[in-house]
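Step one of this worksheet: look at the structure below.
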């Protein structure tokens, strides 16, 4: 008899499988060369965050002596062992491809990543002059000796380690130099007039570390550099926050960020594959790292910096992703000074609007909604939650303008949005200075919900307008993330949102809502009810089907219920971009469940939940995945879509995804994935949606 653990895929290994799909997408023939470069950069950046957070957590558990098994039956130590094995295999695959196929393809397109030793004398002279004028003044060699302890190596920094001999009788000294990649490009472009090319499509680069290494004698004048090599460390960057003990959450997060900048324990050491043994030994002793966490690299360290190449001005080598049109119902809006005839509010009083970004422009929909509210004299109040916002956010500017215009503006800024904490702290301070009432949410919970509410005075009474979305109020990511949003004036949901905002600001203990599904109060309970209802219908011989699209499926209770639904005869189609801890297509367990993952030009980020309900469909969109953290430890909001036309629109969208045989990967019963084999008609969901 199978153990329960055999029915669950390990969360971390499932994430690695997702990142593998990102890598293999970049290796596919169907993408243009600079789009391939983008995928390799994303793969490496994903790995950095994975080590900083997930691996760091497991490593801390091992060091604390924790042996408790995860639901799939693996101890922290066993998970780390498998993680390192899988990641090393994938990084080797990436490096080999970058060094060979990718490099050759770049050359064919006139883009050259050359080593210093392969440059012409003229090119070397230019590089040496550039080093002297633009790099040398930024470098600070730090010697390690009894008077100078081993320097702190900051997280994700690129470093040079060298052994230097000062005079005939002196001992070799270990020296570390931090490469200033934040102040200078990682890849230095040599001007075309220097390389003797009149072709604007030709680009010749040399890496900054290669340039430094080949000018190392200038750093140690009168001394001998015996050997040198480059290395990179990844540190534990999970923000430890004792929230319950904090009187001032803003101050507590700022202090925690300072600790993160100093850095936690090293969880990965990346070194060049040919690093001299004496330097490697010194690094291991100084950093105190076990051998299994050392990664020997045959390509550039920190391949996420390849993203610099995607900025090359060659439109023929990358897909144009700056797409999108104004939603048809929002195309002929009045200017802000004429807000009475054909304003966004007039339109919403007649009809709900379903937005799908980036195909529907964020600027002319969500931004227009907030901007109109900021300038409309009839708007009394604006309330909004902010999780991740862009650094030059038009939404923030509109909120500050609204406060200056005398409106009541309440903004919940989530200070604990991982790796956006500093950005959010700065925005919170600016908003407060502009007169916005800023709150930081509920102690013990992250506020992840994406909601905005506008209160407008009309004919002597107040009417509420709202937006509920699946993605952040972020103008930049809205161009590359696929997300849904509902603009409406529905009174019951608007009333729920008022209660939710009062709860978030600490003025209410509301736990029940008329229409809105809210975690941690009602979301899990409602999803369980909806799945159980499909099970009941299947048992009664009625139509029963579930289609769900999300980023991750991890929650054990939901997974067990989906297994039960499958065994009862419910057809279940899951569109899950990232982690999926459920096994599909298994006899006597999940034969009626299919899982696909769509990896394309845009990051699939929308969350959609469709329940057949014997042809009386219930449809929901919102901010929550089916993960324990979303259902139990975050403030999330999922809204029903009640308009029959919008329901049909969402069903059609889901079918577009399910028919995709170009961007999609199908999950096999062993938990691995394979690309669809296109046999006849090609269905490219993202491109089809662009051209719709």
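Taking the listed residues 497, 486, the one that is in contact with a strand residue (DSSP E or B) (Cβ under 7 Å, 6 or more places away or on another chain), modelled with pLDDT of 95 or more and within 30 Å of residue 598 (Cβ to Cβ) is 486, with no other qualifying.
Have a look at 425, 454 and point out the one that is outside any loop (DSSP other than H, G, I, E, B) and buried (at least 23 other Cβ atoms within 10 Å of the Cβ).
On the way: 425 fails: buried (at least 23 other Cβ atoms within 10 Å of the Cβ).
Answer to the check: 454.
Inside the range 428-451, can you point out the residues that are outside any loop (DSSP other than H, G, I, E, B) and buried (at least 17 other Cβ atoms within 10 Å of the Cβ)? Steps first, please.
Within the range 428-451, the subset outside any loop (DSSP other than H, G, I, E, B) is 428-433, 437-439, 446-447, 451.
Passing the criteria: 428, 431, 438, 439, 446, 447, 451.
Residue-wise test of (1) in contact (Cβ under 8 Å) with a residue 40 or more places away in the chain; (2) over 23 Å from the mean Cα position of the chain (by Cα).
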site	(1), (2)
64	no, yes
71	yes, yes
82	yes, yes
90	yes, no
96	yes, yes
118	no, yes
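Taking the range 212-227 on its own, how many of its residues are closer than 30 Å to residue 107 by Cα, surrounded by fewer than 21 Cβ atoms within 10 Å (Cβ to Cβ) and in contact (Cβ under 8 Å) with a residue 60 or more places away in the chain? Quick ask: steps written out before the conclusion?
Restricting attention to the range 212-227, the residues satisfying the condition of being closer than 30 Å to residue 107 by Cα are 212-216.
So of that shortlist, the ones also surrounded by fewer than 21 Cβ atoms within 10 Å (Cβ to Cβ) come out as 213-216.
Now narrow it down to the ones that are in contact (Cβ under 8 Å) with a residue 60 or more places away in the chain: 213-215.
Looking only at that region, the number is 3.
Condition (residue is more than 17 Å from the chain's Cα centre (by Cα), under 27 Å from residue 468 (Cα atoms), without any contact (Cβ under 8 Å) to a residue 40 or more places away in the chain and in the same structural domain as residue 539 (by TED's automatic domain parsing)) applied to the range 559-569: is it met by at least one residue? Yes, there is a match, as at least one residue in the range 559-569 is more than 17 Å from the chain's Cα centre (by Cα), under 27 Å from residue 468 (Cα atoms), without any contact (Cβ under 8 Å) to a residue 40 or more places away in the chain and in the same structural domain as residue 539 (by TED's automatic domain parsing). When the range 170-181 is filtered for residues that are assigned to a loop (DSSP other than H, G, I, E, B) and in contact with a strand residue (DSSP E or B) (Cβ under 7 Å, 6 or more places away or on another chain), the ones remaining, listed by number, are 179, 181.
Can you confirm whether residue 154 is more than 28 Å from residue 314 (Cα to Cα) and modelled with pLDDT of 95 or more? No: the conditions fail for residue 154.
Taking the range 405-418, which residues are at pLDDT 90 or above, in contact with a helix residue (DSSP H, G or I) (Cβ under 9 Å, 6 or more places away or on another chain) and not in a strand (DSSP E or B)? Scanning the range 405-418 gives 405, 407.
When residue 304 is evaluated against the numbered criteria (1) farther than 27 Å from residue 43 by Cβ; (2) out of contact with any strand residue (DSSP E or B) (no Cβ under 9 Å at 6 or more places or on another chain), which criterion, by number, is the only one it fails? Condition not satisfied by residue 304: (1). Considering only residues of the range 587-632 that are assigned to a helix (DSSP H, G or I) and farther than 17 Å from residue 548 by Cβ, which is farthest from the chain's Cα centre (by Cα)? If we take residues in the range 587-632 being assigned to a helix (DSSP H, G or I) and farther than 17 Å from residue 548 by Cβ, then 632 is farthest from the chain's Cα centre (by Cα). Against the test of being at pLDDT 90 or above, in a loop (DSSP other than H, G, I, E, B) and more than 18 Å from residue 48 (Cβ to Cβ), the options 184, 279 yield a single qualifying residue, 184.
If I filter the range 230-239 for residues that are surrounded by fewer than 20 Cβ atoms within 10 Å (Cβ to Cβ), in a helix (DSSP H, G or I), in the same structural domain as residue 154 (by TED's automatic domain parsing) and at pLDDT below 55, do I get at least one hit? No, because not a single residue in the range 230-239 is surrounded by fewer than 20 Cβ atoms within 10 Å (Cβ to Cβ), in a helix (DSSP H, G or I), in the same structural domain as residue 154 (by TED's automatic domain parsing) and at pLDDT below 55.
Among the residues of the range 670-682, those identified as in contact with a strand residue (DSSP E or B) (Cβ under 9 Å, 6 or more places away or on another chain) and part of a loop (DSSP other than H, G, I, E, B) are 671, 676. Summed over the range 320-342, the residues that are outside any helix (DSSP H, G or I), at negative phi and at pLDDT 90 or above give a count of 4.
Of the set (1) crowded, with 18+ Cβ neighbours inside 10 Å; (2) in contact with a strand residue (DSSP E or B) (Cβ under 9 Å, 6 or more places away or on another chain); (3) under 21 Å from residue 11 (Cα atoms), all apply to residue 646 but (3). Looking across the range 295-313, the residues that are touching a residue at least 40 places away in the same chain (Cβ under 8 Å) and either in a helix (DSSP H, G or I) or assigned by TED's automatic domain parsing to the domain that holds residue 479 (or both) come down to 303, 304, 305, 306, 307, 308, 309, 310.
With respect to (1) surrounded by fewer than 21 Cβ atoms within 10 Å (Cβ to Cβ); (2) within 18 Å of residue 138 (Cβ to Cβ); (3) at pLDDT 95 or above, the lone exception for residue 205 is condition (2). Identify, please: which residue in the range 372-399 is assigned to a helix (DSSP H, G or I) and under 27 Å from the mean Cα position of the chain (by Cα) and is, among those, surrounded by the most Cβ atoms within 10 Å (Cβ to Cβ)? By that ranking, first place goes to 399.
Yes/no per residue for (1) more than 19 Å from residue 11 (Cα to Cα); (2) surrounded by fewer than 17 Cβ atoms within 10 Å (Cβ to Cβ):
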position: 596; (1), (2): no, no
position: 600; (1), (2): yes, no
position: 622; (1), (2): yes, no
position: 655; (1), (2): yes, yes
position: 673; (1), (2): no, no
position: 677; (1), (2): yes, yes
position: 685; (1), (2): yes, no
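Among the candidates 539, 515, 549, the residue that is more than 24 Å from residue 596 (Cβ to Cβ) and either touching a residue at least 60 places away in the same chain (Cβ under 8 Å) or in contact with a strand residue (DSSP E or B) (Cβ under 8 Å, 6 or more places away or on another chain) (or both) is uniquely 515.
Here the strands (runs of 3 or more DSSP E) wholly within the range 103-169 that include at least 3 residues being closer than 19 Å to residue 231 by Cβ and in contact with a helix residue (DSSP H, G or I) (Cβ under 9 Å, 6 or more places away or on another chain) are 158-165.
The values are calculated or read from the model by the stated rules, or taken from the named source; none is laboratory data. Just so it is clear, the structure is predicted and the values come from calculations on it, not from any experiment. Backbone-built Cβ (ideal geometry, glycine too); neighbour counts: all protein chains shown.
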